[in-house]
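Visitor: The structure's right below; bear with me while I get my questions together.
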Amino acid sequence: MPHRPPPGIDTSTPHSARIWDYWLGGKENYPVDREAGDAVLRVLPGIAASARQDRAFLGRAVRFLVREGITQFLDLGAGLPTVDNTHEVAQRVAPAARIVYVDNDPLVLTHARTLLQGTPEGACDYIEADIRDTGTVLEGASRTLDLDRPVGLMLLGVLNHILDDGEAEALVAGLLARLAPGSHLVLSHTCDATTDELDGAAMRRAVAEVMERGGTPIRARSPEEIERFFAGTRLLEPGVVSCSRWRPEPPERRDPEVPHFSGVGVVPS
C-alpha cells in the first residue's frame, strides 16, 4: 500500500532528492518521481549505477578523511537519508565524530530526526538553511563544530543545482575561506564528459528531461569546470575523476566509469 506523503509535500512535481532516492532503491518517492526517474533511465540507463557509485564515493572519502584526522563534517544539501549517510560512516570509524547537515527542503526536514540519530559519544545536528546563505550556515554549524579546527566540507550532488558558474564557484570559495587550514573539500557533480565509456550527449539529454518535467533545476559540468571548484585547495590524487575511479577499494578494482565525477581537496596552511 503506498504511503501517504507528509503534510505540505508536493507530489505533483518530480523532486530531485526523491528521484535520487528511487534510483538508490529507497521508499521515499512517489509516482511522479518514478516516472521522471524512468524517463531519465531510458535516456541514460546507467544513472542508477551512477547514484550508487556516488554513495560509495561518499563512504570512501569520509573514511579517508577520518584516517587523516578529520572528525567533524559539514554536509551541505544533505538530501534524503539513505544507507551510509555521512554521520553513519564517520561515527562507525570515529564514534566521537561530529556532523552537521544543512538543507532547506521541506521533504528533508520531515526526516530530520532520522538524520539526527548519531552515536552517544558524538554529535549530529541539522540546520534548516539555504546553502547559499553561508553566514547562517557557518553560524549554525559553529554551535556543533569547532571551526578553528579542520572540517570535512561535503558538497555531494548539490552544486549541480546552482546553474550559474560564478555563483557556484563563489559559494565554495566563501565557505573554504572561513574554514581552518587542513580542512578538506569533498565534492561530486553530474558530469557531461565524453570518454571511451561515457556519452556526454546522453547526460545532457537526461538533464533536459528532468528540466522539462519541471523538476529541480540541474546542470551537468565538464571535468574542467568541476575542477575549478577546488581553487584554493590542493587537489589530491587522482584529481577529478568518475566517482567509481576515486581511490577504489581495493586499489586494483576498476568499475566502469559513471557520469558523476568527484574529487577531494585540502585547504593549505
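The values are calculated or read from the model by the stated rules, or taken from the named source; none is laboratory data. All values derive from a computational prediction rather than experimental measurement. Positions of Cβ are generated from backbone atoms using ideal geometry, with glycine treated the same way; all protein chains shown enter the neighbour counts. Side chains are part of the model used for accessible areas, which takes the heavy atoms of the whole protein and leaves out ligands, DNA and RNA. Shrake-Rupley method; radii C 1.70, N 1.55, O 1.52, S 1.80 Å.
Visitor: Give, in nm to one decimal, the length gained when the segment between Ala231 and Asp10 is fully stretched (0.36 nm per residue of separation minus the Cα-Cα distance). Each step should come with its number before you reach the end.
Guide: Working: separation 221, 0.36 × 221 = 79.56 nm, distance 3.76 nm.
My answer for the length gained is 75.8 nm.
Visitor: Also: Can you send over the solvent-accessible area of Asp125, 1.4 Å probe, protein chains only, in Å² to the nearest 10?
Guide: Roll a 1.4 Å probe over it and Asp125 shows about 50 Å².
Visitor: Loop only per DSSP, at most 16 neighbouring Cβ atoms within 10 Å: give me the GluC sites (Glu not before Pro) in the range 182-269, ordered by residue number.
Guide: Details: sites: Glu197, Glu209, Glu212, Glu224, Glu225, Glu227, Glu252, Glu257; in loops: Glu197, Glu252, Glu257.
Within the range 182-269, the qualifying GluC sites (Glu not before Pro) (loop, at most 16 other Cβ atoms within 10 Å) are Glu197, Glu252.
Visitor: Find the accessible area per residue for the chain; the probe is 1.4 Å, ligands and nucleic acids are left out, and the unit is Å². Provide the component values of the computation, followed by the final result.
Guide: Values: 12040 Å² over 269 residues.
With the other protein chains kept in place, the chain gives 45 Å² per residue.
Visitor: Which whole-number percentage describes the relative contact order of the chain, with Cα contacts under 8 Å and a sequence gap of 6 or more? Can you show the working numbers first?
Guide: Working: 503 pairs, mean separation 52.4, N = 269.
Once normalised by length, the contact order is 19 percent.
Visitor: Looking at the chain, what % of the alpha carbon pairs are farther apart than 30 Å? Before the final figure, lay out the partial values.
Guide: Numbers: 8540 of 36046 pairs.
Value for the chain: 24 percent of Cα pairs lie more than 30 Å apart.
Visitor: Ok, one more. Determine the percent antiparallel among the DSSP beta bridges restricted to the chain, to the nearest 5.
Guide: Values: 11 of 31 bridges.
Percent antiparallel among DSSP bridges in the chain is about 35.
Visitor: Charges at C-beta only: +1 for Lys and Arg, -1 for Asp and Glu. How large is the resulting dipole of the range 171-251 about its Cα centre, in Debye rounded to 20?
Guide: Working: 10 positive and 11 negative charges, 79 e Å.
That gives the range 171-251 a dipole magnitude of about 380 debye.
Visitor: How big is the charge dipole of the range 1-110 about its Cα centre, in debye rounded to the nearest 20, if each Lys and Arg gets +1 on its Cβ and each Asp and Glu gets -1 on its Cβ?
Guide: Numbers: 12 positive and 13 negative charges, 79 e Å.
It works out to roughly 380 debye.
Visitor: Sorted by accessible area with a 1.4 angstrom probe, largest first, how do Met203, Met211 fall?
Guide: On the way: Met203 5, Met211 80 Å².
Ranked list, largest accessible area first: Met211, Met203.
Visitor: Using only protein heavy atoms and a 1.4 Å probe, report how much of Asp21 is accessible, in Å² to the nearest 10.
Guide: 10 Å²
Visitor: Using the reciprocal of the averaged 1/r over all distinct C-alpha pairs, how large is the Kirkwood radius of the range 137-212 in Å?
Guide: Details: mean 1/r = 0.0683 Å⁻¹.
Its Kirkwood hydrodynamic radius stands at 14.6 Å.
Visitor: Roughly what % of DSSP beta bridges within the range 119-269 run antiparallel, to the nearest 5? Display every interim value, and only then the final one.
Guide: Values: 11 of 17 bridges.
Rounded to the nearest five, the antiparallel share is 65 percent.
Visitor: Across 5 Å bins from 0, what is the distribution of all Cα-Cα pair distances for the range 129-269, in whole percents?
Guide: 2, 10, 18, 21, 19, 15, 10, 6, 2, 0
Visitor: What is the dipole size for the range 129-269, taken about its Cα centre, with +1 at each Lys and Arg Cβ and -1 at each Asp and Glu Cβ, in debye to the nearest 20?
Guide: For this selection, approximately 280 debye.
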